[in-house]
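The values are calculated or read from the model by the stated rules, or taken from the named source; none is laboratory data. Quantities reported herein were computed from a predicted structural model and do not represent experimental measurements. Cβ placement follows ideal geometry from the backbone for every residue including glycine, while neighbour counts extend to all protein chains displayed.
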Amino acid sequence: MKPLLILLACLLPLAARQRPNILFLLSDDQAWGDYGFMGHLHIETPHLDALAARSLTFTRGYSPVPLCRPSLASILTGRHPHEHRITGNDLLPPRPDLKALAGRRDPDFGQRYRELIAHYRQQPNWIQSLRESGYRTLQTGKWWEGDPVADGGFTAGMTHGDPARGGRHGDAGLAIGRQGLQPIKDFTTSSPDTPWFVWYGVFLPHTPHNPPADLLAKYLQKTDNENIAAYWACCEWLDQTIGELLAHLEESGQLDNTLILYTCDNGWIQDPADRNLYAPRSKQTIYEGGIRTPILLSWPGHLQPLRDDEHLASNLDLWPTAAALCDLPLPAGLPGINLTDRAAVTSRQSLFGADYSHDIRDFAHPARNLEARYHLRGPWKLLLPHPPADPAGEPQLYHLLNDPHERHNLASEHPDLVESLRQGLNDWWTPAPAQASE
């Protein structure tokens, strides 16, 4: 028996070492077309352009929700917000004298936040699965669910996540990228015999749009609107940090053994009149400007580069895809697919998602926070307002290949298709009437 135990002890670390490292690149508040490789006429993203050229690239990628915290929770759990119940960024304050952001420091309100984070801890999540499979895991940048180590399953993290100290969505971790990348460089070279996972949740191009002076000057040559120029410059700033990370992996001899995943949490269209605001039909809406994003998968020597402009991909697919490529366990019943399985990709018929209130009115009943749902089927997209949130709202139907900016509502011309897509939405999730009205 002892020789067998010794053999197993030797094989387990070897299996872990054979798995690739994983670099997860997460843009924050960026429109789906705001990249060179997606055809933007002014924004320059040379490093992401090069990455896309050597990646399995899905240009029709989608977030299941157009807001940061629920979007990240969906990536991490592989489930929709109505399943994991984190539907908004903040809890609605229990008293009118408390604001959602500052209220986290209030003892009673802080306790509610801890209960929400405790609920998150009870759910299977991607990071905990990686840790249990032998990965060293580092959190940097955006992070909402408390302490990334104690609550999130990471082995190391930059964020403290303590509401009493003002922790909300990353605190100290938000320095990554904007103030250098040394924590990631140190982590990825400190234990070469153990595979690593890095969560690069960089706070870019998210506000504040305060890019380096040279980048701002560059984009002021392309537009006379300083607010738009600042946002465009932050998109290139993001690209520069990714280029620096990829150069580090190449210089340290790790690039060929690293699976690189890229996506964005939700969209953003810059308000020309206010540097800190987004325009209509972008963030916090289920128009393309709020939910669409390119999704990139790269692993040199293992994934064949391919640009897919036709088929649907989702941020819910990231965990199943990584699990398949890295031979990792995966909970049963997740809605996502392995994006490297072409049969699964080409046979997918639909994607679903929803928009919710920014502040969570009722954590126990997600439907009470619901504002609208969407159903994508091939080139068609149905946007369906939720009656309690928008009693006068009408269905909106768009043919995205002919009308990618959703300017022509075709619902009145195709009532049968609207009804079919509505039924598909209800088959996916029918918000309980009692939850919606009580």
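What the table shows:
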read-out: Among the candidates Arg292, Arg361, Arg348, residue that is out of contact with any Asp or Glu (no Cβ under 8 Å at 6 or more places or on another chain), closer than 25 Å to Leu425 by Cβ, basic (Lys, Arg) and modelled with pLDDT under 95; value: Arg361
read-out: Every residue from the stretch 244-257 that is in contact (Cβ under 8 Å) with a residue 24 or more places away in the chain and over 27 Å from Pro70 (Cα atoms); value: Glu244, Leu246, His248, Leu249, Ser252, Gln254, Leu255, Asp256, Asn257
read-out: Filtered residues of the stretch 154-169 (kept if free of Cβ contacts under 8 Å to residues at least 60 places away in the same chain, farther than 20 Å from Trp196 by Cβ and buried (at least 20 other Cβ atoms within 10 Å of the Cβ)); value: Gly161, Pro163
read-out: Test for Glu406: is it at pLDDT 95 or above, among the acidic types (Asp, Glu) and more than 21 Å from His311 (Cβ to Cβ); value: no
read-out: Among residues of the stretch 384-423, those that are of a type outside the set (Phe, Trp, Tyr) and closer than 25 Å to Ala31 by Cβ, counted; value: 23
read-out: Of all residues in the stretch 263-319 being in a loop (DSSP other than H, G, I, E, B) and β-branched (Val, Ile, Thr), the one that is surrounded by the most Cβ atoms within 10 Å (Cβ to Cβ); value: Ile286
read-out: Cβ pairs under 9 Å, 6+ apart, first in the stretch 119-144 and touching a residue at least 60 places away in the same chain (Cβ under 8 Å) and surrounded by fewer than 19 Cβ atoms within 10 Å (Cβ to Cβ), second in a helix (DSSP H, G or I) and of a type in the set (D, E, K, R); value: Gly134/Arg17
read-out: Members of the stretch 359-375 found to be in contact (Cβ under 8 Å) with a residue 40 or more places away in the chain, over 11 Å from Arg422 (Cα atoms) and buried (at least 18 other Cβ atoms within 10 Å of the Cβ), listed by number; value: Ile360, Phe363, His365, Pro366, Ala367, Arg368, Asn369, Leu370, Ala372
read-out: Entirely in the stretch 363-411, the strands (runs of 3 or more DSSP E) that have 2 or more residues that are under 23 Å from the mean Cα position of the chain (by Cα); value: 370-377, 380-385
read-out: Scope the stretch 302-325; condition farther than 17 Å from Arg348 by Cβ and of a type in the set (Gly, Ala, Ser); matching residues; value: Ala322, Ala323
read-out: Total residues in the stretch 250-286, condition closer than 24 Å to Gly353 by Cα, in contact with a Phe, Trp or Tyr (Cβ under 9 Å, 6 or more places away or on another chain) and of a type outside the set (Gly, Ala, Ser); value: 13
read-out: In the stretch 147-188, residue farthest from Ile127 (Cα to Cα) [restricted to those that are part of a loop (DSSP other than H, G, I, E, B) and of a type in the set (A, V, I, L, M, F, W, C)]; value: Leu181
read-out: Whichever residue in the stretch 200-227 is of a type outside the set (A, V, I, L, M, F, W, C), in contact with a helix residue (DSSP H, G or I) (Cβ under 6 Å, 6 or more places away or on another chain) and closer than 20 Å to Lys142 by Cβ and, among such residues, is surrounded by the most Cβ atoms within 10 Å (Cβ to Cβ); value: Pro205
read-out: Residue match in the stretch 228-237 (condition: assigned by TED's automatic domain parsing to the domain that holds Gln139, surrounded by fewer than 24 Cβ atoms within 10 Å (Cβ to Cβ) and aromatic (Phe, Trp, Tyr)); value: yes
read-out: Gly333 assigned by TED's automatic domain parsing to the domain that holds Glu115 and either within 18 Å of Pro64 (Cα to Cα) or among the polar types (S, T, N, Q) (or both); value: yes
read-out: Criterion violated by Asp341 - all others in (1) in the same structural domain as Phe58 (by TED's automatic domain parsing); (2) of a type in the set (D, E, K, R); (3) buried (at least 20 other Cβ atoms within 10 Å of the Cβ) satisfied; value: (3)
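Here's the yes/no breakdown for (1) at pLDDT 90 or above; (2) not polar (S, T, N, Q):
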position: Ala50; (1), (2): yes, yes
position: Thr59; (1), (2): yes, no
position: Ser63; (1), (2): yes, no
position: Leu67; (1), (2): yes, yes
position: Leu72; (1), (2): yes, yes
position: Ile75; (1), (2): yes, yes
position: Thr87; (1), (2): yes, no
position: Gly110; (1), (2): no, yes
position: Arg114; (1), (2): no, yes
